[in-house]
Amino acid sequence: MRREILFGCLLLMFGSLSIALGAFVGINIGTDLLNLPSPEQVVAILRSHQIAHVRLFDADNHLLSALSETEIEVMISVTNEEVLGIGQSPAAAAAWINKNVAAFVPSTNITAIAVGSEVLSTIPHAAPVLVPAMKNLHKSLVSSNLNSQVKVSTPLSMDLIPKPFPPSAATFNSSWDSIISGVLDFLKSTDSFFMLNAYPYFGYVQSSGIFPIEYALFQPLSPVKQIVDPNTLFHYDSMFDAMVDATYNSISAYNLSVIPILVTETGWPWAGGANEQDATVENAETFNNNLIKRVLNGSGPPSQPAIPMNTYIYELFNEDKKPGPLSEKSYGVYFSNGSSVYTFSLDTSGGATANASGGFCVAKKGSDTSSLQDGLNWACGPGQANCSAIQSGQPCYMPDTIENHASYAYNDYYQKMRSVGGTCDFGGTAMITTVDPSNGSCIFTGSTNSSIGGTLTPAFGPEGPPGNASPGQLPDIVVLLLATLVLLIV
C-alpha cells in the first residue's frame, strides 16, 4: 500500500487539470499592463519557463490561437460584464461557447471555464443569474459534446467566509445561502470543482498581528506559535491550508459529498506603498516558492489529505495599469521580457533554469560580511571574474549589497573556471544552487535567460527595475522526484 501511495504522489507531479490525476501549480495571465507582449511572445515565455497550466481572465481569441498545439492546459473566463447576458440567454451562452471554445478545441487545450470572478463579492446584482449562466454554458458544452473535457465553475472569494478560523467552525455568509447552494448543486451534478481565491497576504495583514508572518509564508513555526484547531486538534502549518480547510468545512454544511477545491488565485505582492510594509520581494519570493513546494507534494489540507490543492499563482506579469495601491500592480513573477522578478520557477522538469554545469555558485545567506567582502575582492581580482555588471549603474548593481555582488562574482568565476578545477567555496561563504539567480535585466553567467531558453529575443519591452531579488533557493523538483523514486524502491 505504501508503494502505491508513493507512486501516486509521483504521478501527481505530472497531472492534468483533473483533480483526480494530480497536483499542479499554474499561473494567471492578466493583461492590464502598458507593455503587454504579443500573444506569441506570451506563449514563448510560458514554454521557456515550462508553465503547463494557465488561467486567462477572459477568452482572448488571439492568445487562444497562439496556445494552439502547445498542450498547455487553459482555463478561460467569462468576464463579469458577460455574466448577465449569458445568465439570461441560452442563445448567448451557445454563441459564447461556439466562439471561444468549439472554435479552438482540440488544438488549444481548453479544460475549464471560470464564470465571472468573485461575482458575489464584486457584482452582487448579478448573483441571481450566476447559476443560470453556469447551467447555460454547460448545456451548450453538452450540445457540442465538449462537457467531458471542459468543466464549468465560478471563482469565489474567501470574503464569503466571515470567520475562517478555526477552519472546523467556518461557514459561508448565510445571506448567500440560496446562491451558494445552487452553485454547489451544479458543481456536484457536473463533477466539477469549487474555484477559490485565497490570499494569505490579506489574511495576514487583516489579522493585525494575531497570526505570525511565518504562518502566512509556509515557514516553520516555533512550538509556542503552533496553530491548532481546538475542535479537531488539526495542526495547521500554513494559513493557506487553513483557508482551504475553512472552505471545505463551509461546503460540508450543505450536506453534500466532498467537492474538490481548485485554488484559482493566490499570491503575494513584491512591492507596496508606505503602509504596505509586508509587500516585499523577500516575502513574495518566500511565499510563492514555498507554495510550489507545498502544492507539489500532492497532499491536501488536514481535513482532506488525499485531495491535492491544485493552485494558480497570481500572476504572470505586473499589471501596472490596474487601479488601487502599489501592491495591486506588483504581483507579477516575471517581467514582460520573460525574466524573473525574483528567484522563481514552475519548471517541474528541473532543467529550464539550471545551466549545463549542474548549478550556479551564489553567496550563502547569512554569511559573515567581512568574509563575503574578502571573497568578492578575490573573485574580482586574482580570480579574474568579470565584475563589470555589478558596478554602479550597471544591471546587477542593485540591490547594492555585499551578498548580491558576491553572488554575481562568485558565479562568474565558477562558470569560467570549473572546467579547470575552480570550485564554489570562497571560504565557506558560497554554495551551489540549481535555480537561476538572474532577475530583471541582471543575467548571471551560464543562464539560459540571456536568450530566454533560445526561444525569444533578449527583450520585447522595457525590462523591470534590476536587482529586486536576493539569490534564494527553491529546491530542485528533480531532487523531489528522485527522492520519491528512492522511497518507491525501498
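The values are calculated or read from the model by the stated rules, or taken from the named source; none is laboratory data. Since this is a predicted model, take the numbers as computed values, not measurements. Neighbour counts run over all protein chains shown; Cβ positions are idealised from the backbone, glycine included.
Figures for the structure shown
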{"quantity": "Pairs, first assigned by TED's automatic domain parsing to the domain that holds M417 and closer than 11 Å to Y410 by Cβ in segment 369-393, second crowded, with 16+ Cβ neighbours inside 10 Å and of a type in the set (S, T, N, Q), C-beta under 6 Å, six or more apart", "calculated": "L372/T429; G375/T429"}
{"quantity": "Total residues in segment 394-437, condition out of contact with any helix residue (DSSP H, G or I) (no Cβ under 6 Å at 6 or more places or on another chain), among the β-branched types (V, I, T) and more than 14 Å from Q384 (Cβ to Cβ)", "calculated": "6"}
{"quantity": "Subset of segment 32-62 [assigned to a helix (DSSP H, G or I) and of a type outside the set (A, V, I, L, M, F, W, C)]", "calculated": "P39, E40, Q41, R47, S48, N61, H62"}
{"quantity": "Unique residue being small (G, A, S), touching a residue at least 60 places away in the same chain (Cβ under 8 Å), in contact with a helix residue (DSSP H, G or I) (Cβ under 6 Å, 6 or more places away or on another chain) and on the phi < 0 side of the Ramachandran plot when the list is S48, S121", "calculated": "S48"}
{"quantity": "Strands (runs of 3 or more DSSP E) enclosed by segment 112-206 - at least 3 residues per element that are under 20 Å from S257 (Cβ atoms)", "calculated": "151-153, 194-197"}
{"quantity": "Residue in segment 219-241 that is in contact (Cβ under 8 Å) with a residue 12 or more places away in the chain and closer than 26 Å to L56 by Cβ present", "calculated": "yes"}
{"quantity": "Counted residues, segment 406-442 - those being part of a helix (DSSP H, G or I) and surrounded by fewer than 24 Cβ atoms within 10 Å (Cβ to Cβ)", "calculated": "6"}
{"quantity": "Only listed residue being over 28 Å from S330 (Cβ atoms) and in contact (Cβ under 8 Å) with a residue 24 or more places away in the chain, chosen from F211, F165, F186", "calculated": "F186"}
{"quantity": "Of all residues in segment 335-362 being of a type in the set (V, I, T) and modelled with pLDDT of 80 or more, the one that is surrounded by the most Cβ atoms within 10 Å (Cβ to Cβ)", "calculated": "V362"}
{"quantity": "In segment 9-36, the residues that are β-branched (V, I, T) and either at pLDDT 50 or above or closer than 30 Å to N337 by Cβ (or both)", "calculated": "V25, I27, I29, T31"}
{"quantity": "Contacts under 8 angstrom Cβ, first residue in segment 318-331 being farther than 18 Å from V42 by Cα, partner β-branched (V, I, T) and modelled with pLDDT of 95 or more, 6 or more apart", "calculated": "none"}
{"quantity": "In segment 93-111, residue surrounded by the fewest Cβ atoms within 10 Å (Cβ to Cβ) [restricted to those that are of a type outside the set (S, T, Y) and not in a helix (DSSP H, G or I)]", "calculated": "P106"}
{"quantity": "Scan of segment 430-454 for residues that are modelled with pLDDT of 85 or more and either of a type in the set (F, W, Y) or touching a strand residue (DSSP E or B) at 6+ places or on another chain (Cβ under 6 Å) (or both), ordered by number", "calculated": "A430, P437, F444"}
{"quantity": "Counted residues, segment 63-82 - those being more than 21 Å from Q50 (Cα to Cα) and assigned to a helix (DSSP H, G or I)", "calculated": "3"}
{"quantity": "Those residues of segment 222-241 which are exposed (fewer than 12 other Cβ atoms within 10 Å of the Cβ) and either touching a Pro at 6+ places or on another chain (Cβ under 7 Å) or among the acidic types (D, E) (or both), in sequence order", "calculated": "K225, P230, N231"}
